[in-house]
Structures are given as C-alpha cells and as structure tokens.
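In what follows, a structure is listed as structure tokens, so that the remarks can point back to it.
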Amino acid sequence: MFDLSGKVALVTGAAVGLGQGVAVGLAQAGADVIVVTNRSPLDETIAKIEALGRRVLPITANLGDEAALPGVVSQAIETFGKIDILVNNAGIIRRTPAADHAAQDWHDVIDLNLNSVFFLCQLVGREMIKQGSGKIINIASMLTFQGGINVPGYTASKHAVAGITKALANEWASKGINVNAIAPGYMVTDNTAQLRADASRSQSILERIPQGRWGTPEDLAGAAVFLASSGADYINGHVLAVDGGWLAR
C-alpha cells in the first residue's frame, strides 16, 4: 500500500532540512526523485538517493521567479516522462516586527512560499490531469493555524497554503488527484536556527511540545510517504500536523 516503486516525485527545497528528509524518504519507498533548490548544493541529497538505487535529477532554479517554473517542470517531464508526486517544500522566513517589516521581505516570502506553490501546482496539475492521477503535498506550518511573532509574511503565506490546498482538492479530486498538506511543528532546520539559539525561547517551545523535543526532517518523511501512496487515496484537502502534539497542548 505504501510502495512507491515506479513513481516519480518532484521535491522543492530538497538540498537540506525537511526537503532532503522528504526526498530521501520517498526514495526509500521506491520513488525516483527530481530535487530542486534555489541556492544550496544538492550533492548530499543526490548521494543519499543514489545510495538507495533510485534515479535522481537535480535542478537548480530560482523558485521565487515565476518565469523559472515552466522550465523546471518541462525538464522533469523530458527526463522521466511524468510526475506522479509533487512536494512543495521550498520556503523562507524573515523575522522582523510587523511595524518594521520591509516590503521586500514581504514580497520575497510571498513569492517563494505562496506564489511558487500555486504556480507549480498549476503546471504539474495540468500534467496530472492528463495522466488521470497524481499526489500533491504542500508544506504548511504550525503558523497555518496560529499567528506567530515577528513573522507576518511567513504566517500569511502558510495560511494561504492551506487555502490553496483545499481549493485545488475541490477542483481536482474528481480527476484522480489528491491535494493535501503537511504542517510541520517546530523542527531542527535552518529556518528555526534563530529560535533554537535563544535559550529561553527554545525552552518555552520545548515545554509546550508533549513529546519534549524538536522534530527532525526524518519525522516528516513517513507522513509524506503516506500522503504520496495509495494508502491516502481517499484523503483530500487535509492539512496533517506533524508536531509532536503541539496543537493538542
């Protein structure tokens, strides 16, 4: 039920952190993987996927630039002939109080965290409609449900990711496409480095997580494999929290 052999996945932001964890998890389940990044070298992710005996296509592209997205999808289709799974993981965060939040910070976050998600869903969704099947997994956040502090652009983008996920599920469920999202809790990634470096803030976060620890990229892999598999065929428009119990507290 959870075997992804013969499937092709495209994962954005796959060089490090959550994206790498998801890409490797999908490869462990049998999928070949297209890994896309804005900046970071992909060597480590490539090596981990190839060590599993899976094929991997690395693509470097500015995902915050709408004009770059068709080239990413066309290169993937030219190489593998299809895309069965899309994971929109790439994202950035800018921490500044709302009263001082620079316009450029707002636009940078929205362009990558929101606009690239919709336009990649649109481009890949067209291919999945032709195929009559597909799994789209958008990466949301705890700030899909909460307001956060000093991150107005990030919070707005992650609320919108949930909305896009539900809207596309409504349109595409009848076409054999599942569109869902994963909302990671507080994870050990570059985006949370500033929080983890603040001893008091880190401690207050850990005290609220029932499992008592920060999450890891590997913690996200199982949820991604599940939503990408036939085991999730009747799940659509859902935002799955992988948070160590944060929302339950």
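Brief remarks follow.
- Residue match in region 113-121 (condition: among the hydroxyl-bearing types (S, T, Y), in contact with a helix residue (DSSP H, G or I) (Cβ under 8 Å, 6 or more places away or on another chain), outside any helix (DSSP H, G or I) and open to solvent by less than 30 Å² (accessible area, probe 1.4 Å)): no
- Residue check, A221 out of contact with any strand residue (DSSP E or B) (no Cβ under 9 Å at 6 or more places or on another chain), modelled with pLDDT of 90 or more and buried (at least 17 other Cβ atoms within 10 Å of the Cβ): yes
- Test: residue in region 25-36 that is over 18 Å from I139 (Cβ atoms), surrounded by fewer than 19 Cβ atoms within 10 Å (Cβ to Cβ) and touching a Ser or Thr at 6+ places or on another chain (Cβ under 6 Å): yes
- Any hit, region 165-186, residues being more than 30 Å from E127 (Cα to Cα) and either open to solvent by less than 70 Å² (accessible area, probe 1.4 Å) or not in a loop (DSSP other than H, G, I, E, B) (or both): yes
- Residues within region 94-112 that are in a helix (DSSP H, G or I) and open to solvent by 40 Å² or more (accessible area, probe 1.4 Å), tallied: 9
- Residue among Q203, Q194 that alone is part of a helix (DSSP H, G or I) and touching a residue at least 60 places away in the same chain (Cβ under 8 Å): Q194
- Count of region 226-249 residues which are in contact with a strand residue (DSSP E or B) (Cβ under 9 Å, 6 or more places away or on another chain), of a type outside the set (A, V, I, L, M) and more than 15 Å from G176 (Cβ to Cβ): 4
- Within this structure, D84 passes the test of being farther than 23 Å from N150 by Cα, acidic (D, E) and open to solvent by less than 20 Å² (accessible area, probe 1.4 Å).
- Note on region 23-93: enclosed strands (runs of 3 or more DSSP E) holding 3 or more residues that are out of contact with any Lys or Arg (no Cβ under 6 Å at 6 or more places or on another chain) and closer than 17 Å to L114 by Cβ are 85-88.
- When region 194-209 is filtered for residues that are surrounded by 11 or more Cβ atoms within 10 Å (Cβ to Cβ), of a type outside the set (K, R) and farther than 18 Å from I182 by Cβ, the ones remaining, listed by number, are Q194, L195, D198, S202, S204, I205, L206.
- Qualifying residue in region 4-16 (condition: at pLDDT below 95 and basic (K, R)): no
- Residues in region 14-56 that are on the phi > 0 side of the Ramachandran plot and touching a residue at least 24 places away in the same chain (Cβ under 8 Å): G17, G30.
The values are calculated or read from the model by the stated rules, or taken from the named source; none is laboratory data. All values reported here derive from a predicted model rather than from experimental measurement. Note that we place each Cβ from the backbone using ideal geometry, even for glycine, and neighbour counts take in every protein chain shown. Accessible surface is based on the protein model in full, side chains and every heavy atom, while ligands, DNA and RNA are left aside. Shrake-Rupley method; radii C 1.70, N 1.55, O 1.52, S 1.80 Å.
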